[in-house]
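See below for the structure under consideration.
The values are calculated or read from the model by the stated rules, or taken from the named source; none is laboratory data. Only a predicted model underlies this, so the values are computations on that prediction, with no experimental measurement involved. In this analysis, Cβ positions are derived from the backbone assuming ideal geometry, glycine residues included, and neighbour counts consider all displayed protein chains. Note: areas computed on protein heavy atoms with side chains; ligands, DNA, RNA excluded. Shrake-Rupley method; radii C 1.70, N 1.55, O 1.52, S 1.80 Å.
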Amino acid sequence: MRILITGGAGFIGSHLAEMYLDRGDEVHVIDDLSTGSIENIQHLKGHPNFTYHIDTITNYHLTAELVDLADIVFHLAAAVGVRLIVESPVRTIETNIRGTEIVLSLCAKKRKRVLITSTSEVYGKLDRVPFTEDDDLVMGPTSKGRWSYACSKAIDEFMAIAYWKEKRVPTVIARLFNTVGPRQTGRYGMVIPNFVRQAITGQDITVYGDGSQSRCFTHVLDAAGALIDLAEHPAAVGEVYNVGGNKEVTILELANRIRELSGSSSEIVFVPYEEAYEEGFEDMMRRVPSIAKINELVGYAPKITLDEILTSVIEYQRGRVVNRLGAPAPLAFQV
Ligand code: UDP
C-alpha cells in the first residue's frame, strides 16, 4: 500500500511511518518541520520505500500530487502543545483549519480514504469521566487562548464528517489522548518529556498547580497501531474514536515516579498556572477516555504500561544527553 503522512516528521507521524515501512508498505511524508524534526526521520532516509518532502501542506500542488499517489492519507500535520497554542494562537487556528481544509478537499477530488487526527482537548472542560465520543463538548470563552486549539480541532472534525456525509469521502477521526514516548519534545509544554529532562539533568521538576490533576498516558506505539487499524477498517468511516490509555495518574504521582525511575535527586516544586502559562489559564482536572468504541471495532487495548513508557523516555533522553556531550553533537539538545 501507499501511505501519505502529513506531519510525518513529527513525534507520532514518524512512528507511524516506521510501522508501515516495517510492514513493507510505501511511505511518503510531508512536513514543514514547524514542530516536527528531521532527526525523527533521519534513520528512514535511505529506506527504498520512503520519501519525504520538507514543505507545508498549504503548498496545494505538492500536496495534490502526494494525495494522488496515496491509498490512505493520515493527516497529522497540525499545531500542537498547550504552550505553542497559548503563545501562537493565530498560527494554531490557521494551520489547523486551513491545512485540514486543503487535505480534505484533495481527498474528495481524488476519492481517497483519510484519517484525521483530533485531540482529547475537544472535550474541553467536560468533567464527567470517562469521555465518550458522543459526549457534549464544553468549551471555555474565546478570550482564553487555550480554547482556540480545541475549537480548531472541533472544526476539523465537523469538516471531516461533512465530507463523508455530503461527498462520500471516506474519513475517520481519531481523538488522541496524551500520547507519549521517545521523540516527543518538551518544547511545547508536554509534561513527560519536560519532567524527564528536568530529572536527568538535576533541575527542579516543575509541577503546575497542586499536582492533583490527572491524565491517562498512552505509548506512541499503542496509539500508532490504533490509527492504522482505524484507517484500514471499513466500518470506521464517518466515525469518531477515542485513542488513549485508561490508567489514570496524577501529575504529582507522575513526577515522583519519574524521579524514582531515573534515580534523580531533583526537587519537586509547585508552579502556579498563571506563572506557567498565562493569567486565567484553565487546566483540565481529569481526562479519561472511554475506549469501548475502538475496542469493540478493532480490539484495541493499550499494552505498554506507564513504567515502560517512562523508562523508554528516560533511556531516549539519556541517549540524547550522551550524544550531545560526546564529540560530534549534530543537533541542538531540544527535548
Ligand atoms: N504540566 C506540569 N508541568 C510541566 C508541564 C505540564 O505540571 O512542566 C501539567 C499540565 O499543567 C497538565 C498536565 O501536566 O495538567 C499534562 O500536560 P500536557 O501539556 O502534557 O497535556 P494536556 O494538558 O494537554 O493534557
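Values computed for the structure shown
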quantity: Within the range 173-183, considering residues that are open to solvent by less than 10 Å² (accessible area, probe 1.4 Å) and assigned to a loop (DSSP other than H, G, I, E, B), the one nearest to residue 82 (Cα to Cα); calculated: 177
quantity: Residue 92, sole failed condition from (1) open to solvent by 10 Å² or more (accessible area, probe 1.4 Å); (2) within 16 Å of the ligand (Cβ to nearest atom); calculated: (1)
quantity: Positions within the range 1-54 being of a type in the set (D, E, K, R) and open to solvent by 30 Å² or more (accessible area, probe 1.4 Å), in sequence order; calculated: 2, 18, 22, 23, 26, 32, 39, 45
quantity: Filtered residue count, the range 270-293, keeping only those that are within 10 Å of the ligand (Cβ to nearest atom) and either among the β-branched types (Val, Ile, Thr) or in a strand (DSSP E or B) (or both); calculated: 2
quantity: Any chance residue 165 is surrounded by fewer than 18 Cβ atoms within 10 Å (Cβ to Cβ), within 15 Å of the ligand (Cβ to nearest atom) and either under 23 Å from residue 302 (Cβ atoms) or in contact (Cβ under 8 Å) with a residue 24 or more places away in the chain (or both); calculated: no
quantity: Residues that are open to solvent by 60 Å² or more (accessible area, probe 1.4 Å) and more than 16 Å from the ligand (Cβ to nearest atom), drawn from the range 236-246; calculated: 239
quantity: Enumeration of residues in the range 207-227 that are more than 9 Å from the ligand (Cβ to nearest atom) and open to solvent by less than 10 Å² (accessible area, probe 1.4 Å); calculated: 216, 218, 220, 223, 224, 226, 227
quantity: Matching residues in the range 296-309 - criterion: being surrounded by 15 or more Cβ atoms within 10 Å (Cβ to Cβ) and not hydrophobic (A, V, I, L, M, F, W, C); calculated: 300, 302
quantity: Subset of the range 184-206 (residues that are near the ligand (Cβ under 10 Å from one of its atoms) and either part of a helix (DSSP H, G or I) or buried (at least 21 other Cβ atoms within 10 Å of the Cβ) (or both)); calculated: 184, 191, 192, 193, 194, 195, 197, 198, 205
quantity: Counted residues, the range 247-269 - those being outside any strand (DSSP E or B), of a type in the set (A, V, I, L, M, F, W, C) and open to solvent by 20 Å² or more (accessible area, probe 1.4 Å); calculated: 2
quantity: Matching residues in the range 122-152 - criterion: being open to solvent by less than 10 Å² (accessible area, probe 1.4 Å) and within 20 Å of residue 97 (Cα to Cα); calculated: 122, 123, 124, 147, 150, 152
